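J.: One structure, pasted below without further comment.
The values are calculated or read from the model by the stated rules, or taken from the named source; none is laboratory data. All values derive from a computational prediction rather than experimental measurement. Methodologically, a virtual Cβ is constructed for each residue, glycine included, from the backbone with ideal geometry; neighbour enumeration extends over all protein chains shown. For the accessible areas, the whole protein counts, side chains as well, though only heavy atoms, and no ligand, DNA or RNA atoms are used. Shrake-Rupley method; radii C 1.70, N 1.55, O 1.52, S 1.80 Å.
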4 protein chains.
Amino acid sequence: MRVAVLGATGYTGIELLRLLDHHPQMELTYIASDSRAGLQVGEVLPHLRGVTTASFEKGDVARIAACADVALLALPSGLSVEWAAQLLTCGVKVIDLSGDHRLPPALYQEWYKKTPPEAVTQQQAVYGLSEFYGADVAQAKLIANPGCYPTATLLSLLPLVQRSLIDPQTLVIDAKSGVSGAGKAATAATHYVEVNENFKAYKVGGHQHIPEIEHILTRENPTGERVTISFTTHLVPMTRGILVTSYAKLTGSHSTEELLHLYADTYRDHPFVRIHPQGSMPQTRDVAKSNFCDIGLHVDPRTERVTVIAVIDNLVKGASGQAIQNLNLLAGLDPTTGLFHSPVYL
Amino acid sequence: MRVAVLGATGYTGIELLRLLDHHPQMELTYIASDSRAGLQVGEVLPHLRGVTTASFEKGDVARIAACADVALLALPSGLSVEWAAQLLTCGVKVIDLSGDHRLPPALYQEWYKKTPPEAVTQQQAVYGLSEFYGADVAQAKLIANPGCYPTATLLSLLPLVQRSLIDPQTLVIDAKSGVSGAGKAATAATHYVEVNENFKAYKVGGHQHIPEIEHILTRENPTGERVTISFTTHLVPMTRGILVTSYAKLTGSHSTEELLHLYADTYRDHPFVRIHPQGSMPQTRDVAKSNFCDIGLHVDPRTERVTVIAVIDNLVKGASGQAIQNLNLLAGLDPTTGLFHSPVYL
Amino acid sequence: MRVAVLGATGYTGIELLRLLDHHPQMELTYIASDSRAGLQVGEVLPHLRGVTTASFEKGDVARIAACADVALLALPSGLSVEWAAQLLTCGVKVIDLSGDHRLPPALYQEWYKKTPPEAVTQQQAVYGLSEFYGADVAQAKLIANPGCYPTATLLSLLPLVQRSLIDPQTLVIDAKSGVSGAGKAATAATHYVEVNENFKAYKVGGHQHIPEIEHILTRENPTGERVTISFTTHLVPMTRGILVTSYAKLTGSHSTEELLHLYADTYRDHPFVRIHPQGSMPQTRDVAKSNFCDIGLHVDPRTERVTVIAVIDNLVKGASGQAIQNLNLLAGLDPTTGLFHSPVYL
Amino acid sequence: MRVAVLGATGYTGIELLRLLDHHPQMELTYIASDSRAGLQVGEVLPHLRGVTTASFEKGDVARIAACADVALLALPSGLSVEWAAQLLTCGVKVIDLSGDHRLPPALYQEWYKKTPPEAVTQQQAVYGLSEFYGADVAQAKLIANPGCYPTATLLSLLPLVQRSLIDPQTLVIDAKSGVSGAGKAATAATHYVEVNENFKAYKVGGHQHIPEIEHILTRENPTGERVTISFTTHLVPMTRGILVTSYAKLTGSHSTEELLHLYADTYRDHPFVRIHPQGSMPQTRDVAKSNFCDIGLHVDPRTERVTVIAVIDNLVKGASGQAIQNLNLLAGLDPTTGLFHSPVYL
């Protein structure tokens, strides 16, 4: 399959280049970066000198359509929606790594306080959480690649929500991320001295991933009731990794062991999701630079709550790796093709 | 006042030496470290060469009693209780930084699965959270210095619990700490390579600070009902700092502004607790190397929950600084004496 | 003594506020920051809420002259020289933390490739390395506070150069600094993700501190010959600290022990410089957040070279602490006044 | 080719598992770890759960000989030499990642102050710096895999030394490494709190890599004169990466451009060594998790010295990657087989 990457100099773009370099079945035919067009990749990204002789090109829909079957959009929100519409018109399938296509129009308007761009386009998008929506992904023309926090959160909660084992209205989700999630822009908030030896919460009560999570939880809630969550994001002084700790009241009496069995069943055919044995919890380095999502859980009989902990690499399973996983499905390949590598533990 | 420090080579001990070096009214007359007895402080701790000419001495109750009015115990749990008993017998007041004296015997037995040592002694201890129990502290002979997590947690929740503004049974407390909290022992878990670029939860559902927090929350709960909490601790790849994010259902309708006013009132005469203005949240570096506890909060009308965030320096307000604060009260001084310095922002 | 700080929101400015807060003899009467004028210090720097109630003011020469005896300029190079000239005219003494007044005009022109601003002013400045030029500092009206790298380098090499114990033309100086030395501006080079888990050299062969070091080494070279050095700076993924490793051929046969005695003699009356015993070398944390400079050395008989290692905190002894040390001398105080605190080891 | 790994739970062992997992032509048939024998790999190393179903086995020469053509020894120095001798006797080729086989007996005795074990064995070993000794490596039975510091140092200096472009007696080599080079043992020196926010030199004048570097430089010195170097190692607060800054007097007049051409020529057929363009210097992240060695240099006409900077990943090109590169040569494969992947930039 011939693949174009748009926005190749951001962190998710760089990661797409790395993952496609490993991939045996994908041909990277177009690397777009308007700001660096004309330069060799190795001039802009010295770690790639000698690895590739390709050059960055201006984004050009006609030329992309001539040489690529699928375009991976690693562009900022707001920009993606425009490129997606044009590429789709020219017959190029699109996997959008931005947030532009993840929400239904009504939710988009409620949270972003503006009219959703290209509402029709948005409704055509398939939500690319392929462990749950893989069949739709394989048939899609436009895939909304899930956000990093929603990926870890949904993989760790959907097995409970789908079976009404927890009361979703009691969900408290406490999420922590490394700094690469904030992107490459140099701001006061990403200055080394401000981040190093510091820990903080941000966007308390207002993170844009809240509606994305609530939308999917509601869709999978057997009662149909709209799910509302408490969700707080924190910044960890490290480059990569997300850990999400979720708490909810159990609706009945279930042991840790019982729930772990249920998770193992749910993900039996999904090798990127790994369930920890009882008494053990995942850490972010267990999945570093890989497409795995590791999950552990603990039932506390004192509080009748379950605590679920999930980790992913925000740039891989939370972005570029999941995009390749969706790309594999689009190509009719096994989802693990070119992607099932050992994490880089240290 | 003449002060002895026992266990002076651990992290809280080193911090006591630093803080007492700043203090205008305390005379450090005895520095005990059995493992380093006979060596000059500067030989063992090169950063103190030239700063002090003192030497480490063997712990010796009679000699301590001869030269000190108060002993600060920066010893491991299990050891503190024995030293405390002997020192008290000799008329030396004790501030114990370990966990030995923080729980009533029944709770101690329930959580540690062993008979509490010196149960009688324990019941004599005053819990040294001086913003709430300062009057008792001033009269005490034995002070149980609060744990690091309980300090941040209780300062951020007691204003709500005391007034029944939240349902304490809905409390979810998600806590994060730097590595110095794990102490100076070299273990697989404190190896640089294992901690760096990693984030993990630990002791999920079983942290020994849970009964300490629940005990005080229950004591201050106007209904008298025993409080049971969900409490998870996480390790942040940084040296110092604790941030605690707490979530609870409000019992009535209250705005962020209203609750912030309440907090400002509660801590009006307690300058070490600083309340953030609406829309702003504290980060750990705001209090680094200082005795401050900074608190922010947010009411989410969607979920009817309040999110409270508190930060402290685990080695200062969470240990050695709070011990000095209690020492000041014992000495009849203003609690801020020698302790009210600017945080070290970077 | 009444003190004004100009440029109070940069890293050296913040550090001046912290150190003056500790100081028993200095009154901070004016805090200038054009960009934040009118705001309370605690609004801009949350770690100082409650510590100070002062506000930032616009820089205003007349008003500064009315309330301050000395002005500490923590301003960018190029700006300092203008403020210094005006303040001196109004009778305010100046300690300039920038590089504007450290070089004689000819060297300035050679390295900066432009006409030196206010050459006359520059020639009036005393170089504020007070361990060597303290007598001049005490009488000065304008003090050029040394650069961070030159401070560590000169303190570690002058004892050898002054006695012609090394051939200064063989000097190789390999310097490493934490990121705070790059200042508070958010750039690609200071982005957390670019710095973290990375080590690099920068400005190889062209660092602006080369002429400053060579100028003083030449001045103190008994032969009068102009000294030319190899000097390379590297960026360490940490916030604070400088370590300088210097190598030179010995002119005669000297043991490590002999040279250590010489250093101890040289700095006998200078308590901020601490000499390590044989076989031991300093590390940056030994001096963290303090005004100490720790030095160790090793003579290698195989190569007939001496290796000297010096560490400082770049923001304290390398900038703001050294400025306070000079301020003390200006005020006729002991140089250690308000400045001789324990390093913050962890 | 069938490969055994001995010492698979240390950092270089873990890295061998990762790299062999990527390799298309090598079959990993035996994973030895005496301490973990009988356990599944994924039980000991959670990041490998699901990636491999293999188990650790006891080291057993006969069984290894029955199933492996080559053994990679990731064992401590002192232990390797014993295993190597036995494996060679049984016809198994050996690549030794330890320091046991890198020095001729006389040098071994001089630096380690003890009789070299199995001196005969040592003399059979080929030094596995394959960019220079590839032809010998391909024919070897026992390969001494170079040390991490020597790899970066020699690749960056041999082009100059072989052509007598520098005076090797003026060489000053200032080396910096991340913490993984210290291995997995939990010691005071590897405790997170001791390393984090700290920079230090270690083993000044006495590092065991000095004789290894001097031995090869002497061997390649056209004059035959024994080379003696100043070499200092430093610890960087990061997990991976080595940067070596070398300084030497040029013997004649050469420009930066001229020398860069020479390096490009030297490494034309060695794709793992990449030469930076003039004015640009490599940083450790450019080669992170890859087998590349990036080199930049600068001639300073003021001092007539050249500064050469080289970076490698200490665990890949400095250990396990270089071992695979040598394994490829042993197998008659292109040295890049299974090893020529994009660095992991962030």
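J.: Considering only region D:169-176, I want to know if a residue exists there that is within 13 Å of another protein chain (Cβ to nearest Cβ) and out of contact with any strand residue (DSSP E or B) (no Cβ under 8 Å at 6 or more places or on another chain). Write out each step before concluding.
T.: From region D:169-176, those within 13 Å of another protein chain (Cβ to nearest Cβ) are D:169-176; that's our starting set.
Applying the additional criterion that residues be out of contact with any strand residue (DSSP E or B) (no Cβ under 8 Å at 6 or more places or on another chain) yields D:169.
There is at least one residue in region D:169-176 that is within 13 Å of another protein chain (Cβ to nearest Cβ) and out of contact with any strand residue (DSSP E or B) (no Cβ under 8 Å at 6 or more places or on another chain).
J.: Can you tell me which residue in region A:322-340 is nearest to A:PHE272 (Cα to Cα), limited to those that are small (Gly, Ala, Ser) and more than 12 Å from chain D (Cβ to nearest Cβ)?
T.: If we filter region A:322-340 for residues that are small (Gly, Ala, Ser), which is where we start, we get A:323, A:331-332, A:338.
Then keep just the ones that are more than 12 Å from chain D (Cβ to nearest Cβ); that gives A:323, A:331-332.
Working: A:ALA323: 13, A:ALA331: 18, A:GLY332: 18 Å.
Going through the qualifying residues, I end up with A:ALA323.
J.: Kindly evaluate A:PRO343 against the criterion of being open to solvent by 20 Å² or more (accessible area, probe 1.4 Å) and either more than 9 Å from every other protein chain (Cβ to nearest Cβ) or outside any strand (DSSP E or B) (or both). Lay out the reasoning, then the answer.
T.: Numbers: open to solvent by 20 Å² or more (accessible area, probe 1.4 Å): no; either more than 9 Å from every other protein chain (Cβ to nearest Cβ) or outside any strand (DSSP E or B) (or both): yes.
Answer is no for this residue.
J.: Turning to a different aspect of this structure: Starting from region A:95-119, keep only residues that are closer than 26 Å to A:GLY13 by Cα and assigned to a loop (DSSP other than H, G, I, E, B), then list their pairs with residues that are open to solvent by less than 30 Å² (accessible area, probe 1.4 Å) and among the acidic types (Asp, Glu) whose Cβ atoms are within a distance under 9 Å, requiring at least 6 positions of separation or different chains.
T.: A:GLY99/A:GLU212; A:ARG102/A:ASP96; A:ARG102/A:GLU212; A:LEU103/A:GLU212; A:PRO116/A:ASP100; A:PRO117/A:ASP100; A:GLU118/A:ASP100
J.: C:ASP96: under 21 Å from C:VAL273 (Cα atoms) and of a type in the set (Asp, Glu), yes or no?
T.: Values: under 21 Å from C:VAL273 (Cα atoms): no; of a type in the set (Asp, Glu): yes.
No; evaluated as a whole, the condition is false for this residue.
J.: Next question. Any residue at all in region A:313-321 that is facing chain B (nearest Cβ under 8 Å), in contact (Cβ under 8 Å) with a residue 40 or more places away in the chain and either crowded, with 24+ Cβ neighbours inside 10 Å or over 13 Å from the mean Cα position of the chain (by Cα) (or both)? Before the answer, list the steps.
T.: First, the residues of region A:313-321 that are facing chain B (nearest Cβ under 8 Å): none.
No.
J.: Filtering region C:69-82 down to residues that are open to solvent by less than 40 Å² (accessible area, probe 1.4 Å) and free of Cβ contacts under 8 Å to residues at least 60 places away in the same chain, which residue is nearest to the chain's Cα centre (by Cα)? Full working, then the answer.
T.: In the first step, residues of region C:69-82 are kept if they are open to solvent by less than 40 Å² (accessible area, probe 1.4 Å); the result is C:70-75, C:78, C:80-81.
Within this subset, residues satisfying the condition of being free of Cβ contacts under 8 Å to residues at least 60 places away in the same chain are C:78, C:80-81.
On the way: C:GLY78: 18, C:SER80: 16, C:VAL81: 17 Å.
The selected residue is C:SER80.
J.: Test of understanding: among A:SER253, A:SER230, which residue is touching an Asp or Glu at 6+ places or on another chain (Cβ under 7 Å) and either under 21 Å from B:LYS249 (Cβ atoms) or surrounded by fewer than 24 Cβ atoms within 10 Å (Cβ to Cβ) (or both)?
T.: Within the list A:SER253, A:SER230, the selection yields A:SER230.
J.: Among the listed residues A:PRO168, A:PRO150, which satisfies the condition of being over 18 Å from the mean Cα position of the chain (by Cα), open to solvent by less than 20 Å² (accessible area, probe 1.4 Å) and of a type outside the set (A, V, I, L, M, F, W, C)?
T.: Working: A:PRO150 fails: over 18 Å from the mean Cα position of the chain (by Cα).
Being over 18 Å from the mean Cα position of the chain (by Cα), open to solvent by less than 20 Å² (accessible area, probe 1.4 Å) and of a type outside the set (A, V, I, L, M, F, W, C) holds for just one of A:PRO168, A:PRO150, which is A:PRO168.
J.: Additional query: Anything in region A:184-231 that is among the polar types (S, T, N, Q), farther than 30 Å from C:GLY181 by Cα and either touching a helix residue (DSSP H, G or I) at 6+ places or on another chain (Cβ under 6 Å) or more than 7 Å from every other protein chain (Cβ to nearest Cβ) (or both)? List them, or say none.
T.: A:GLN208, A:THR218, A:ASN221, A:THR223, listed by residue number.
J.: Among the candidates C:GLU220, C:GLU197, which residue alone is in contact (Cβ under 8 Å) with a residue 40 or more places away in the chain, over 24 Å from D:GLY279 (Cβ atoms) and surrounded by 19 or more Cβ atoms within 10 Å (Cβ to Cβ)?
T.: Numbers: C:GLU220 fails: surrounded by 19 or more Cβ atoms within 10 Å (Cβ to Cβ).
The match here is C:GLU197.
J.: Looking at A:ALA106, is it open to solvent by 10 Å² or more (accessible area, probe 1.4 Å), modelled with pLDDT under 95 and small (Gly, Ala, Ser)?
T.: On the way: open to solvent by 10 Å² or more (accessible area, probe 1.4 Å): yes; modelled with pLDDT under 95: yes; small (Gly, Ala, Ser): yes.
Taking the combined requirement at face value, the residue satisfies it.
J.: Given the criterion of a type outside the set (A, V, I, L, M), outside any strand (DSSP E or B) and either under 20 Å from C:THR245 (Cα atoms) or touching a Gly at 6+ places or on another chain (Cβ under 9 Å) (or both), identify the matching residue among D:TYR247, D:TYR149.
T.: On the way: D:TYR247 fails: outside any strand (DSSP E or B).
Checking each option against the conditions leaves just D:TYR149.
J.: Being surrounded by fewer than 19 Cβ atoms within 10 Å (Cβ to Cβ), in a helix (DSSP H, G or I) and in contact with a Ser or Thr (Cβ under 9 Å, 6 or more places away or on another chain) is the filter here, so list the residues in region C:256-278 that pass it.
T.: Residues satisfying the conditions do not exist here.
J.: If I ask for residues that are surrounded by 24 or more Cβ atoms within 10 Å (Cβ to Cβ), assigned to a strand (DSSP E or B) and facing chain B (nearest Cβ under 9 Å), which ones from region A:235-244 would you list?
T.: Once the filter is applied, which keeps residues that are surrounded by 24 or more Cβ atoms within 10 Å (Cβ to Cβ), assigned to a strand (DSSP E or B) and facing chain B (nearest Cβ under 9 Å), region A:235-244 yields A:ILE242, A:LEU243.
J.: Still on this structure, please answer the following. Would you check which residues across region A:200-217 are open to solvent by less than 40 Å² (accessible area, probe 1.4 Å) and in contact with a strand residue (DSSP E or B) (Cβ under 8 Å, 6 or more places away or on another chain) and list them? It would help to see each step written out before you state the result.
T.: Taking region A:200-217 as the starting set, the residues that turn out to be open to solvent by less than 40 Å² (accessible area, probe 1.4 Å) are A:201, A:204-205, A:207, A:209-214, A:216-217.
Once the filter is applied, which keeps residues that are open to solvent by less than 40 Å² (accessible area, probe 1.4 Å) and in contact with a strand residue (DSSP E or B) (Cβ under 8 Å, 6 or more places away or on another chain), region A:200-217 yields A:ALA201, A:VAL204, A:GLY205, A:HIS207, A:HIS209, A:ILE210, A:ILE213, A:ILE216.
J.: Between A:ALA85, A:ALA66, which is surrounded by fewer than 18 Cβ atoms within 10 Å (Cβ to Cβ), without any contact (Cβ under 8 Å) to a residue 12 or more places away in the chain and farther than 29 Å from D:GLN283 by Cβ?
T.: Working: A:ALA85 fails: without any contact (Cβ under 8 Å) to a residue 12 or more places away in the chain.
Just a single option satisfies the conditions, and that option is A:ALA66.
J.: Scan region B:175-190 and give yes if some residue there is more than 22 Å from D:MET238 (Cβ to Cβ) and assigned to a helix (DSSP H, G or I), otherwise no.
T.: Taking every residue of region B:175-190 in turn, at least one turns out to be more than 22 Å from D:MET238 (Cβ to Cβ) and assigned to a helix (DSSP H, G or I).
J.: Return the residue satisfying two criteria in turn: it lies in region D:17-57 and is part of a helix (DSSP H, G or I) and more than 11 Å from chain A (Cβ to nearest Cβ), and of such residues it is surrounded by the most Cβ atoms within 10 Å (Cβ to Cβ). Steps first, please.
T.: Narrowing region D:17-57 to residues part of a helix (DSSP H, G or I): D:17-22, D:34-36, D:41-44, D:46-48.
Those left that are additionally more than 11 Å from chain A (Cβ to nearest Cβ): D:34-36, D:44.
Values: D:ASP34: 14, D:SER35: 10, D:ARG36: 19, D:VAL44: 17.
It comes out as D:ARG36.
J.: Looking for something within 11 Å of chain D (Cβ to nearest Cβ), within 18 Å of the chain's Cα centre (by Cα) and in a loop (DSSP other than H, G, I, E, B) - is there at least one such residue anywhere in region C:279-294?
T.: yes
J.: To continue, here is another question. Among the residues of region C:295-321, how many are under 21 Å from B:ARG18 (Cα atoms) and part of a helix (DSSP H, G or I)? Spell out the reasoning first.
T.: Here is the first cut: in region C:295-321, the residues under 21 Å from B:ARG18 (Cα atoms) are C:311-317, C:320-321.
Restricting the remaining residues to those that are part of a helix (DSSP H, G or I) gives C:316-317, C:320-321.
Adding up the residues that qualify gives 4.
J.: Which of the residues that make up region D:179-194 are out of contact with any Leu (no Cβ under 8 Å at 6 or more places or on another chain) and open to solvent by less than 10 Å² (accessible area, probe 1.4 Å)?
T.: D:THR190, D:HIS191, D:TYR192
J.: Does D:ASP100 meet the test of being modelled with pLDDT under 95, open to solvent by less than 10 Å² (accessible area, probe 1.4 Å), closer than 27 Å to D:GLY178 by Cβ and not small (Gly, Ala, Ser)? I'd like the intermediate steps shown before the answer.
T.: Working: modelled with pLDDT under 95: yes; open to solvent by less than 10 Å² (accessible area, probe 1.4 Å): yes; closer than 27 Å to D:GLY178 by Cβ: yes; not small (Gly, Ala, Ser): yes.
It is true that D:ASP100 is modelled with pLDDT under 95, open to solvent by less than 10 Å² (accessible area, probe 1.4 Å), closer than 27 Å to D:GLY178 by Cβ and not small (Gly, Ala, Ser).
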